[in-house]
Amino acid sequence: MSRLLQEAGCTVAGELGDGLALLQWLNQPHEVDVIFLDIQMPGPNGMEILAEAPACPPVVFVTAHSTYAVRAFELAAVDYLLKPVFEDRLAKCLQRLRNQLIRPLSPTELRTLLPPPVRFPIRAGDGEIFMELDLVTHFELEHERVWACRGLNRYVTRWTTLSEVEEAFPDDGMLRIQRHLLLRPQMVKGVRPTTVGRIKVMIAPKVELTVSRAMTPRTRECIRARTV
């Protein structure tokens, strides 16, 4: 991000690695035009900072998760860049900043900035309908068919292996918690220990998945990183 900004002719005044460092930085006087802020980071996340620091400079969120976009604009973010950030999209954002278009956006303008939902086909009778990835808690392999699951609800997809799902969504951060289970860790609502060295993750009320012993440490780490 720093390189892209510099290539676009911007001066990068500083880079901070976590939420606490940013809060300390905001308590000191600085002459900056805008802050490019990630949402998921150690300490207070980007949305918590923006909600608690109304006097901070204009903020552009930069994140890999489109699910936060509406909330970002509700908190008066100037723009919302979805990773990976491309030069043309950054140029559009910088032009708005240079034109001082720091104002609430209309619904029509919002639709031009929000990334479209990621969708994939599921079978419905003789045809197909399209399901948004953000609604899925996990994928399950059964009898050489991959099922997209929303808690206990299951929908059959085109895929025949979980590797195909991982290849289709390489930036989603899915975890293979069992040979037949692919978890979207951002959908985890709770964690509890089970047998020695294993955990269960709650993905919906009274719906849990068991994580293999080998994947338990990585799953714990990934869930902590998303909830700090």
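Listed by Cβ neighbour count within 10 Å, with the fewest neighbours leading, LEU175, LEU135 appear as LEU135, LEU175.
Per-residue 3J(HN,Hα) values for region 171-184, derived from phi via the Karplus relation 6.51 cos²θ - 1.76 cosθ + 1.60 with θ = phi - 60°, read 9, 7, x, 5, 10, 7, 7, 9, 4, 9, 10, 10, 9, 9 Hz in sequence order (x marks Gly and Pro). Within the straight-line cut-off of under 15 Å between alpha carbons, the aspartates and glutamates reachable from LYS200 are GLU208, GLU221, sequence neighbours fewer than 8 places apart in one chain being disregarded.
The calculated pair-distance distribution of region 119-227 uses every alpha carbon pair, bins of 5 angstrom beginning at 0, and gives 2, 12, 24, 25, 19, 11, 5, 2, 0, 0 percent.
With a cap of 13 neighbouring Cβ atoms within 10 Å, and only residues DSSP puts in a loop, list the GluC sites (Glu not before Pro) found in region 123-228.
On the way: sites: GLU128, GLU132, GLU140, GLU142, GLU144, GLU164, GLU166, GLU167, GLU208, GLU221; in loops: GLU144.
Those that pass, being in a loop and sparsely packed, are GLU144.
With θ taken as phi - 60° and the Karplus curve 6.51 cos²θ - 1.76 cosθ + 1.60 applied, the whole-hertz 3J(HN,Hα) list for region 12-29 is 8, 6, x, 10, 10, x, 7, x, 5, 4, 5, 4, 5, 5, 5, 7, 10, x Hz, x standing for glycine and proline. Annotation: amide H-H contacts under 5 Å for GLY151 (H modelled 1.01 Å from N, sequence separation of 5 or more, or interchain): THR137, HIS138.
Give me HIS143, HIS180 sorted ascending by neighbouring Cβ count inside 10 Å, so fewest comes first. Working shown, then result.
On the way: HIS143 6, HIS180 13.
Exposure proxy ranking, most exposed first: HIS143, HIS180.
Using the Cβ-Cβ distance between SER2 and THR195 with R0 set to 41 Å, the FRET efficiency works out to roughly 0.35. FRET efficiency for the GLU166 to GLU31 pair, using the beta carbon distance and R₀ = 45 Å, is estimated at 0.50.
Calculate the FRET efficiency for GLU132 and HIS180 from the Cβ-Cβ distance with a Förster distance of 22 Å, rounded to the nearest 0.05. Intermediate results must be reported in sequence, preceding the final value.
Numbers: r = 23 Å, r/R0 = 1.05.
With R0 = 22 Å, the Cβ-Cβ based efficiency is 0.45.
Put simply, the amide H of PHE36, placed in the peptide plane, has neighbours under 5 Å in VAL60, leaving out anything fewer than 5 places away on its chain. Residues whose amide H lies under 5 Å from that of ARG119, counting only those 5 or more places away or on a different chain, are LEU133; hydrogens are built 1.01 Å from N in the peptide plane. So what J values fall out for region 117-134 if you push phi through Karplus, 6.51 cos²θ - 1.76 cosθ + 1.60 with θ = phi - 60°, rounded to Hz, Gly and Pro as x? Whole-Hz 3J(HN,Hα) from phi for region 117-134: x, 7, 10, 8, x, 10, 6, 9, x, 8, x, 9, 10, 10, 10, 7, 4, 5.
Each value in this text was obtained by applying a stated rule to the coordinates, not by laboratory testing. All values derive from a computational prediction rather than experimental measurement. Backbone-built Cβ (ideal geometry, glycine too); neighbour counts: all protein chains shown.
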